[in-house]
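Notes follow the structure.
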Amino acid sequence: MLDREPVYLDPAEDMTVCWARAKSHRWCVGCGTVFTVSVLGALAGRGRCPWCGSGETRAMQEVGR
């Protein structure tokens, strides 16, 4: 398990996926998987981890703006 929550950076810095307003990057507390779900999907309860199925996920914060 990570000792801190991961965040997404501006793609200009290191070419990682950037935050998009219609999508939410989520981080699974159980297995550490990072995945994207639409905001509407997350509100409808589809924010479960696609790898382990855990419902314990957290939204990631945008940084670098």
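Here, each number is a calculation from the coordinates, and none is a lab measurement. This one's a predicted model, so the numbers in the text were calculated from it and none came from an experiment. Cβ placement follows ideal geometry from the backbone for every residue including glycine, while neighbour counts extend to all protein chains displayed.
Observations
- Using θ = phi - 60° and Karplus 6.51 cos²θ - 1.76 cosθ + 1.60, couplings along the stretch 30-41 (whole Hz; Gly, Pro as x): x, 10, x, 5, 9, 9, 10, 9, 5, 4, 4, x
- In sequence order, the stretch 46-52 has phi-based couplings of 9, x, 6, 5, x, 8, 10 Hz under the Karplus curve 6.51 cos²θ - 1.76 cosθ + 1.60, θ = phi - 60°, and Gly or Pro positions carry x.
- Once backbone amide H atoms are built at 1.01 Å from N, SER54 has CYS49 as its partners under 5 Å, excluding neighbours fewer than 5 places away on the same chain.
- Per-residue Cβ neighbour rank within 10 angstrom, fewest leading, THR33, THR57: THR33, THR57
- Once backbone amide H atoms are built at 1.01 Å from N, SER38 has SER24 as its partners under 5 Å, excluding neighbours fewer than 5 places away on the same chain.
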